[in-house]
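Just below is one structure, and these are the notes that go with it.
The values are calculated or read from the model by the stated rules, or taken from the named source; none is laboratory data. Because the structure is predicted, anything quoted here is derived from the model rather than measured. Because the Cβ atoms are built from the backbone with ideal geometry, glycine has one as well, and the counts that use them run over all protein chains shown. Please note that ligands, DNA and RNA were not included when accessible areas were found on the heavy atoms of the full protein model with its side chains. Shrake-Rupley method; radii C 1.70, N 1.55, O 1.52, S 1.80 Å.
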Amino acid sequence: MTERRQLLHDQCLKKPPNPLFLQEADFTRFIVIEKLKLVFCFIPKVSCTTWKRILYSAENNGEKLEGIPHRKKLFSWLQDYSIFERQKILSTYYKAMFVREPFARLASAYRDKVKKTWFRRFLLPEKTKREITKEKEHSFSAFVNRVIETNATQQKDRGIEDQHWRSYEQICPCEVDYDFIGHFENLDEEAPTLLKIIGVDGYVTFPDYHPSKTSPYMLEYYSRLTVDEIFQLKKLFDLDFKLFGYDFPGPLEGILKKKGLS
């Protein structure tokens, strides 16, 4: 954990300083639990639904959340505090987040959202809603090219849809000095560790970890891409790789070798 924090800190120093960070940063994904003096920045497609249920139980003495966990009123949000309060919270509360191998997260977003109307609208912005509903399911390659075309990982104003593949650093800015940076790949060990650190492991437990359903399909998805498309994605997510210690090409090494790159 110390190495992850140091890596994030060192890489973040390469960014130009922003004296208006507390005023301008997007804090809409930062849950604040005053009772536990905890700030948790959640990233879509990194077990965020499960974490919301867990954090609700942690804040409410183990009570389980019924229904959809995405209602804003269920939590307090850093975005809703004053600049002075944000500074105090970020300097005194325990701050945690979880990240995931960038290519795996992108594949998960595609697999989970490909049949959604808003997803098809992202792929076909020129078509009407009626026309979109008649469209067949689009390929992973079409999705990737749309992400590349719109530089969608960096857009802050495109709506919640793009949160599912926006750059981690755009969602959880590195200027925040996180105390805990968990990896989705080690969720079975690191989630219980975080619960113990914040003192709720006596009445809240993280569900048994099951490998992502995306895994068997991930290599199949990426094998359909060209080498150029893979490297363009790498360029888009380059900061995520560097900030959070993920190696490129990572799980795609075998695919690139088959395509003639060693």
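Quick check on my filter: what residues within region 173-182 are of a type outside the set (D, E) and modelled with pLDDT of 95 or more? Those that are of a type outside the set (D, E) and modelled with pLDDT of 95 or more: V176, Y178, F180, I181, G182.
The conditions of being at pLDDT below 70 and assigned by the TED database to the domain that holds F231 are met by K156. Answer yes or no as to whether P69 is touching a helix residue (DSSP H, G or I) at 6+ places or on another chain (Cβ under 9 Å), open to solvent by less than 20 Å² (accessible area, probe 1.4 Å) and without any contact (Cβ under 8 Å) to a residue 60 or more places away in the chain. Spelling it out, P69 is indeed touching a helix residue (DSSP H, G or I) at 6+ places or on another chain (Cβ under 9 Å), open to solvent by less than 20 Å² (accessible area, probe 1.4 Å) and without any contact (Cβ under 8 Å) to a residue 60 or more places away in the chain.
Out of K113, K64, K95, K52, one residue alone is open to solvent by 40 Å² or more (accessible area, probe 1.4 Å) and basic (K, R). It is K64.
Filtering region 72-92 to residues that are under 18 Å from the mean Cα position of the chain (by Cα) and surrounded by 18 or more Cβ atoms within 10 Å (Cβ to Cβ) leaves only L78.
Cβ-Cβ contacts under 7 Å between residues 6 or more apart (or on different chains), taken from a first residue in region 77-102 that is under 23 Å from R4 (Cβ atoms) to a second residue that is open to solvent by less than 10 Å² (accessible area, probe 1.4 Å) and among the hydroxyl-bearing types (S, T, Y), are listed as K95/Y178; A96/Y178; M97/Y178; V99/Y168.
Here region 221-262 is the region considered, the condition is being open to solvent by 40 Å² or more (accessible area, probe 1.4 Å) and acidic (D, E), and the residue that is farthest from R100 (Cα to Cα) is D228.
You will find that of V200, V227, the residue that is of a type in the set (V, I, T) and free of Cβ contacts under 8 Å to residues at least 60 places away in the same chain is V227 and no other.
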